[in-house]
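Read through the structure below, which is laid out as structure tokens, and then see the notes.
Laboratory data are not the source of any read-out in this text; all were calculated from the coordinates shown. The structure presented is a predicted model; accordingly, all values stated were derived computationally and were not measured. Cβ sites come from the backbone with ideal geometry, for glycine too, and all protein chains shown count toward neighbours.
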Amino acid sequence: MSGRSRILRWAIPLAVVPVLVLLAYGFRTDPRDIPSPLLGRPASPFKLTAFDGKPVALESLRGQVVVVNFWASWCYPACYEEAPSLERAWKAYKDRGLVMVGVNYQDKDEPARRFLAQFGHTFPNAPDPGSRVSVDYGVYGVPETYFIDKKGRVRFKQVGPVSDEMLKDQIERLLAEAA
Amino acid sequence: MTPEVGYAATVAALILAVYGSGAAALSAVKGRADLRRSSERAAVGVWLLVMTCMALLIYAFLTFDFSVRYVAGNTNLGTPFYYRITAVWGALEGSIILWAFMLSIYTLIVMARYRRTQPQLYPWVLAVMLGISAFFLLVMAIPAPPFERLSPIPADGRGLNPLLEDSGMITHPVALYLGFTGFTVPFAFAMAALIIGRTGDEWITITRRWTIVAWYFLSLGLLIGGWWSYHVLGWGGYWAWDPVENAAFMPWLTGTAFLHSVMIQERRRMLKLWNLTLIILTFSLTLFGTFLTRSGIIGSVHAFSQGSVGQFFLGFLALIVLGAFSLLAWRLERLHAQGELDSIVSRESAFLLNNLFLVAAAFTVFFGTVFPLLSEAVKGQKVSVGAAFFNLVNIPIFLALIFLMGVGPLIAWRRASAENLRRNFLTPVAIGIAAAAVCRVAGVANALVLLCLALVVFVAATIALDFARAARARRRTGDGWLDATWGLALRQNRRYGGFVVHLGILVVALGVAGSQAWSTQTEATLNRGESMELAGYTIRFDGLQGVEESNHAKVVGTFTVSDRKGPYTVLTPAKKFYPQEQTPIAAVDYRLGFMEDLYLVLGEFARDGSHATIKIQVNRMVSWLWIGGFLLTLGAALAIVPEPRRTPAVARAGQTAAA
């Protein structure tokens, strides 16, 4: 066997390795992970009426860490997956000054109420008539969760379901900051 | 119950496929017929089990069994029953079942046809095909289980992606997957040939028709995809160089190259290494396509991320590519060409050029598709590659390919004489130039369109000339007209089937050129009763109407259209509102015509129906794509039918002549 074909014997299979490596690299990136233009900017104020009839307004929440979660009862499975985590985080941090608001996104009243009952949410949840708040926040799909710091700026946006660890990390970080 | 039974069937099928693959390989090594028979029974078992999975899933959809996560995710109580059936392959999990199911059918056909005639290749073919089936069953068992149980059971499901509620979605995935899986057969034969060292032309002769079948279905899948994009997505186009489209287009390009280059190997015993490389590439690209669309590594309108499926596909892709190319490298010394290229002016070199261009096109598409990834890896910048890049690099390549389409079939093998060139090409070249000149005089100003037209007419003329000559020769030997034409086409069905396919491609090429050059569009906001004009059409907005459908609400606009001759039609484009979708979905309305389509998309509107924004497109020559697709179907069918045996054909010809 000639030297040339010995080289070829290795070169042929090895030629595809860089392509495979590049594709594997693709797992580390998310093409839809386009940074939100809202990051670092003041969060848009809103005033909604919660399902239980109480008003929810962002203006009155300055100086506190706010988590705004957009969800829908038809958003299956992601919204169902994250719902227990949200409630757990709320219970864990509400005494330390956390405010959590659920905004119900393009939904019907009855299934939305059933969703809340199913997960026993105790933090305020409000429908978003005309999707005005969702549009202000640039919600692309549900679930999306926005973390707002004590100065009222959007600091982090999560697209897709949140987990216990992520909620803990973000909330602890923002709570630790000075107002 | 269904989830458990389905999952059990999946796992059983997986075990059988792994066992069957191993048993088939072992039977080949040890020469044990009992093992081979056992592996065949395993293959039948796989088929039965996958069919069971398929049936179970269809049943779960039909009965709204929301205890199956996949059913809950892709249907709801309002989904009409026919879309509940097609919803089976509406998302990843089900489409993997469809894939496995088709593969198991192909495996059975291969088994039935070759178990006696190809005793040496066949066990390895079976081993490879069952091995590939095993991978898809593994995907069904672990990363994308279609029968995953959902608890608690929701009262209603999420519903099918509204864009998939269309008749095109019934056929498009089926055709596409028949194409994708179809390439498994030539790939498996190529691997078997490499393993046993019979690297001659045998595997190519056996799989020729299989390749045409796979190629045909892939072409059909692409065309139906274009049709779906055209009449559902509402942007007025049929091809956007989206990664998912590219994913299906790349194997088509290399598959087309393969279809052509095998002819040189059959004839001249050249290009053995090349042909093996092409089939490995083609098959790998079918996997790559699925990887790309399912891994979520590249942004696309279709793609959606699905957990670890991408990793599984990448792993398998690596296994296939590295394995196949290592096998190829191992058998390298058996792959030397026995023939040589005699002259640059010959059919061999025309085919080689054709291959070069097709592979170059595949490479540019590949490069453009993964470039965002490359850019992010190297420069850390997010970019997207748009249609401009793909058009720029591919238009010259495709024009060159059309030219070669005219040259290849008629130029002489080995070395074309001046006489051969003059006899075959002088008239067609003259006709092509004349046609372009006539069109120029008639007012066609676009240089690219004129060039495309000249090439298309040139190729069509070569085909017509060749056919007329052959028919005339048969007439001279005493055949009747019908026999000299239709009989000729049937007798040399591969050649003339190929020609009809070429004609189909030419018609598609004209459609692409015409629609790109001459389509026109405008957008306007009309008050009720107000009219506007575009390209000779007058469109009047008559009002809006709300309609409640089983699973969505829609707002339908009524537009009365008249053309220069008077009243033409009433079009009712709509906007559909699905509760589970964030954005409304446009339902376009259109009138298709031979030379132009009128195409209306409803935009924003006032709730009281007083005014509405409408996008009006006059899309020229788009119908040619579908007509070309139909021709392509005819040609492929002609090329696929088994060549009639010599004797009966002659006998039949005699009868016809006598009658």
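Key figures
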item	result
Pairs of Cα atoms farther than 48 Å apart, chain B, %	20
Theoretical FRET efficiency, 1/(1+(r/R0)^6), r = Cβ-Cβ of A:Val21 and B:Leu392, R0 30 Å, to 0.05	0.60
Low-density loop cleavage sites - chymotrypsin sites (Phe, Trp or Tyr not before Pro) in the stretch B:208-265, where at most 15 other Cβ are within 10 Å (DSSP)	B:Trp235
Whole-angstrom gap from the stretch B:400-455 to the stretch B:96-162, using each part's C-alpha centre	46
HN-Hα J in Hz across the stretch B:589-596 - Karplus 6.51, -1.76, 1.60, θ = phi - 60°, x for Gly and Pro	10, 7, 10, 7, x, 5, 9, 8
Surrounding net charge for B:Thr10, when Lys and Arg each add one and Asp and Glu each subtract one, Cβ distance under 12 Å	-3
Neighbour cut-off at most 13 other Cβ (10 Å), DSSP loop, GluC sites (Glu not before Pro), the stretch B:320-422	B:Glu340
Residues B:Thr107, B:Thr477 arranged by fewest to most Cβ contacts within 10 Å	B:Thr477, B:Thr107
Amide proton proximity set for B:Leu150, modelled H, under 5 Å, gap of 5+	B:Val68, B:Arg69
Flagged links, alpha-carbon separation over 23 Å, of A:Lys54/A:Lys157; A:Lys47/A:Lys150; A:Lys47/A:Lys168; A:Lys108/A:Lys157; A:Lys94/A:Lys157	A:Lys54/A:Lys157; A:Lys47/A:Lys168; A:Lys108/A:Lys157
Dipole magnitude (debye, nearest 20) for the protein assembly as shown, charges at Cβ of Lys, Arg, Asp, Glu	3120
Debye, to nearest 20: dipole size of the stretch B:196-315, +1 on Lys, Arg Cβ, -1 on Asp, Glu Cβ	440
Top positive-direction residue, dipole computed over chain A with Cβ charges, set A:Val16, A:Ala43, A:Ala179	A:Val16
For the stretch B:60-79 versus the stretch B:249-294, the gap between their alpha-carbon centres in whole angstrom	39
Amide H contacts of B:Asp542 (H built 1.01 Å from N, under 5 Å, at least 5 apart or other chain)	B:Gly529, B:Thr558, B:Phe559, B:Thr560
R0 of 25 Å, Cβ-Cβ distance B:Asn527-A:Arg132: FRET efficiency to nearest 0.05	0.40
The stretch B:220-373 shape via C-alpha gyration tensor axes, a/c threshold 1.5	oblate
Reachable aspartates and glutamates from B:Lys615, criterion Cα separation under 20 angstrom, eight or more residues apart if same chain	B:Glu523, B:Glu530, B:Glu533, B:Asp542, B:Asp563, B:Asp589, B:Glu596, B:Asp597, B:Glu604
Over 17 Å [Cα-Cα, the stretch A:33-176], rounded percent	56
Integer Hz, Karplus 6.51/-1.76/1.60 couplings in order for the stretch A:115-127, x for Gly and Pro	4, 4, 5, 4, 9, x, 5, 10, 8, x, 10, 9, x
Amide H contacts of B:Ala416 (H built 1.01 Å from N, under 5 Å, at least 5 apart or other chain)	B:Val345, B:Ser346
Per-pair calculated FRET efficiency, R0 = 22 Å: B:Ser384 and B:Leu592 via Cβ, rounded to 0.05	0.10
Among B:Gly487, B:Tyr59, B:Ser229 - extreme Cα towards positive end, dipole of the protein assembly as shown, charges at beta-carbon	B:Gly487
Expected 222 nm ellipticity per residue - DSSP helices of 4 or more, -39500 (n - 2.57), all of chain A, to 500	-11500 deg cm²/dmol
Chain A: relative contact order in percent, alpha carbon pairs under 8 Å with at least 6 residues between	29
Hz values of 3J(HN,Hα) by residue in the stretch B:61-68 - Karplus curve (6.51, -1.76, 1.60), Gly and Pro given as x	5, 5, 9, 6, 7, 6, 6, 8
Total charge dipole magnitude, chain B, about the Cα centre, Cβ charges on Lys, Arg, Asp, Glu only, Debye to nearest 20	2660
Over chain B: helical MRE at 222 nm, DSSP H runs n ≥ 4 each giving -39500 (n - 2.57), nearest 500	-21500 deg cm²/dmol
Trypsin sites (Lys or Arg not before Pro) lying in DSSP loop within the stretch B:584-631, provided at most 11 other Cβ fall within 10 Å	B:Arg607
Pairwise centroid distance, computed over Cα atoms, of the stretch A:103-123 with the stretch B:343-372, Å	57
Among A:Val159, A:Val16, A:Val103, residue whose mean-square fluctuation peaks in a GNM of chain A (springs only between Cα atoms under 10 Å)	A:Val16
